[in-house]
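The next block holds one structure in the form of structure tokens; read it before the comments.
Computed from the coordinates by the stated procedures, all read-outs in this text should not be read as laboratory data. The structure displayed is predicted, hence computed values, not measured ones. With ideal geometry, Cβ positions are generated from the backbone for all residues, glycine too; neighbour counts draw on all protein chains shown.
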Amino acid sequence: MLKYDLIIRDCLVVDPLNKINKVTSIGLAKGEIVETGDDLDGKVARQVVGFPGAILMPGLIDTHMHCSEWLGGELAFGMLSRAGVTTALDMAGPTTSVLHAMKKRGSGINVATLEAVRPGVSVKDLNPSYDECASLLQKSLSEGAIGLKLTGGHYPLTPEATANAIKAATDGRSYMAFHAGSAKNGSNIEGFMDAVEFADGRPFHMAHINAYCRGMIMKDPKEEMQLAIRTLKDNRQIVSEFHPAPLNGTSGKCKDNQPESHVTRNCLRMGGYPETEGGLRQALKDGYAQVSWENLDGENRYVQGMKAFEYWENMKGICTCCFPVNDRESAFLCASAVDENGNFVIDALSSDGGGIPRNFMIRYGYQLVTWGLWTIEDYVRMTSLNPARMLGLENKGHLSPGADADITIFDPIERKPLLTLVKGKGVCSNGVLLAEGGTVICTEKGYDSVKSAGLNAQIVNLEKSMLYAGR
């Protein structure tokens, strides 16, 4: 009688929760981890494979990516799978768009989504009431989202409305994430400090911490980052992540001769360009701004210069623009900040990628181990265990018996994924996609909508998330 569907041998298996860091074997069956050990019997396994020299870890979990029609696009699922990601959180929606794209181009991975509180789109204007925010939350949960996302850096609300949205989401015990910024202050360190104030002690997920520390207010990005870190130490109800990408991602859409997104305007100002459609045109032609578009290999890639300008023009601005505005030293500070107990102040490493071509959690993230800033256990903690806890996914982020068999195997020298498994099934091998569809992580309210969309559904109990259960 077979005990295992698959045994994987000869990897360095790393699992901080269970204090495993050694070359050993792992056995899987029925989508779950059976056991880890040196003497697993291959005679009772359907298949045995080996990856000498590779690292095997609980599946990568990206707590900030984009895969909807508004940002990222449907290629995101395959790009994430190729990057070794098994579970990801879409940070803007629309939820219905994410489900549609996942049905069409899903790659077998797990995806949760948040609905953006966007004036003129999901709410009436930039000053929605508490009741309007609460109504949006309930609608979004019923469609399959796990909560709301404030996109204040891009599409700001008033301070009062920002506070309303946070209160509505946390009163509803749903997930709440925030790209800091409001009609008072934008996507900068002042907007970051405002976000803490507007939340009034309520828990939320502060997105991409390094995005607010570009020297726009205090001139020195490192000084701004140090202020952000001190503030997070004093407000441990806030969970957070950072990303290692040099380029950002924002909307190229313009209206009334001005970019719609305030982040796009900020980037133009940082590069010395007018905050106008004409300024964006020139930034594209000069190569300061780049665009993301589909390559022949079915992934989005960066292009710049006249090729980027012509694509942006043909798309009428409905595309992702990228600017070289992320300070590398600030990202390094994000990775190194610890509290008085030696715990990381910022909870996770993310990508802010998905369909934006910067899914660098292995390529750049593992460099922190190579440099000696992180141990390999730190790396797995920041890319799998902590992200699972942030989202309340108790069966992910570790290799305990009975846990979901979500696994990422990668080459630590080349820093590239070799095999990605979700529930024990291969979704990508050496860059070749093996699966379709996927599983939507949702609340009970969204289960029926997800199933009716033809997708698998996994219900999450957000009371178990780091927002409500703490660290």
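Of the chain, which part is the longest with no GluC sites (Glu not before Pro) in a loop (DSSP not H, G, I, E, B) and with at most 13 other C-beta atoms within 10 angstrom? The segment 1-339 is the longest one with no such site. Rg and Dmax, both from the Cα atoms of the range 195-354 and both in Å, are 17.3, 53. Under 5 Å from the amide H of Cys11 lie the amide H atoms of Thr24, Phe51, each residue being 5 or more positions distant or on a separate chain, with H modelled from the backbone and absent for Pro and chain starts.
Sparse packing (at most 12 other Cβ atoms within 10 Å of the Cβ) combined with a DSSP loop state is found for the following trypsin sites (Lys or Arg not before Pro) in the range 118-153: Lys124.
With R₀ fixed at 25 Å, the C-beta to C-beta distance from Ser336 to Ala469 puts the FRET efficiency at about 0.45. If R0 is 41 Å, the Cβ-Cβ spacing of Leu434 and Asp200 corresponds to a FRET efficiency of close to 0.30. Each Lys and Arg Cβ is given +1 and each Asp and Glu Cβ -1; about its Cα centre, the range 253-323 then shows a dipole of about 180 debye.
Normalising the average separation of contacting C-alpha pairs (under 8 angstrom, six or more residues apart) by the number of residues puts the relative contact order of the range 253-323 at 27 percent.
Taking Cβ atoms as reference points and 13 Å as the exclusive limit, the residues near Gly279 contribute a net charge of +1, counting Lys and Arg as +1 and Asp and Glu as -1.
At q = 0.11, 0.13 Å⁻¹, what base-10 log of I(q)/I(0) does the Debye formula yield for the chain when every alpha carbon is treated as an equal point scatterer in vacuo? Treating every Cα as an identical point scatterer, log10 I(q)/I(0) equals -0.83, -1.18.
Taking other C-beta atoms within 10 Å as the exposure proxy, Val422, Val432, Val48, Val117 rank Val432, Val48, Val422, Val117 from fewest upward. Sorting Asp406, Asp220, Asp297, Asp194 by the number of Cβ atoms found within 10 Å of their own Cβ, with the fewest placed first, yields Asp297, Asp220, Asp194, Asp406. Take the Kirkwood radius over Cα pairs of the range 253-323, plug it into Stokes-Einstein at 25 °C and 0.890 mPa s, and you get 207 µm²/s for translational diffusion.
Evaluated with a Cβ-only charge set (Lys, Arg +1; Asp, Glu -1), the chain carries a dipole of roughly 540 debye about its Cα centre, given to the nearest 20.
In order along the range 144-158, the Karplus-derived 3J(HN,Hα) couplings, from 6.51 cos²θ - 1.76 cosθ + 1.60 at θ = phi - 60°, round to x, 6, 10, x, 10, 10, 8, 9, x, x, 8, 10, x, 9, 5 Hz, and Gly and Pro are given as x. Phi angles across the range 12-24 convert, under the Karplus curve 6.51 cos²θ - 1.76 cosθ + 1.60 with θ = phi - 60°, into 3J(HN,Hα) values of 7, 8, 10, 8, x, 4, 9, 6, 9, 7, 7, 6, 7 Hz, Gly and Pro given as x.
Kirkwood radius and radius of gyration were both taken over the C-alpha atoms of the range 274-430, and their ratio Rg/Rh is 1.05. Among the listed pairs Lys416/Lys464; Lys139/Lys445; Lys167/Lys222; Lys139/Lys167; Lys255/Lys316; Lys285/Lys316, those whose Cα-Cα separation exceeds 20 Å are Lys416/Lys464; Lys167/Lys222. Per-residue 3J(HN,Hα) values for the range 225-236, derived from phi via the Karplus relation 6.51 cos²θ - 1.76 cosθ + 1.60 with θ = phi - 60°, read 5, 4, 5, 4, 5, 4, 5, 5, 4, 7, 9, 6 Hz in sequence order (x marks Gly and Pro).
On full extension, the segment bounded by Val49 and Ile376 gains 115.4 nm, given 0.36 nm per residue less the C-alpha separation. The lysines whose alpha-carbon is closer than 25 Å to the alpha-carbon of Lys219, local same-chain residues fewer than 8 away aside, are Lys184, Lys233.
For the range 1-78, the set of trypsin sites (Lys or Arg not before Pro) satisfying both a DSSP loop assignment and a count of at most 10 other C-beta atoms within 10 Å is given as Lys19, Lys30. Note on Lys3: lysines with a C-alpha under 30 Å away, same-chain residues under 8 apart excluded, are Lys19, Lys22, Lys30, Lys43, Lys396, Lys423, Lys425.
Taking amide hydrogens as placed 1.01 Å from N in the peptide plane, the amide H of Cys319 sits under 5 Å from those of Gly252, Lys253, each at least 5 positions away in sequence or on another chain.
Within the range 308-413, the trypsin sites (Lys or Arg not before Pro) that combine a DSSP coil assignment with at most 15 other C-beta atoms in a 10 angstrom radius are Lys316.
Within the range 1-160, the ratio Rg/Rh, alpha carbon atoms throughout and Rh by Kirkwood, equals 1.14. Calculated mean residue ellipticity at 222 nm for the chain: -8000 deg cm²/dmol, from DSSP H runs with n ≥ 4 weighted as -39500 (n - 2.57), summed, divided by the residue count and rounded to 500. For the chain, calculate the relative contact order in percent as a whole number, restricting contacts to Cα pairs under 8 Å that are 6 or more residues apart. Once divided by the residue count of the chain, the mean separation gives 22 percent.
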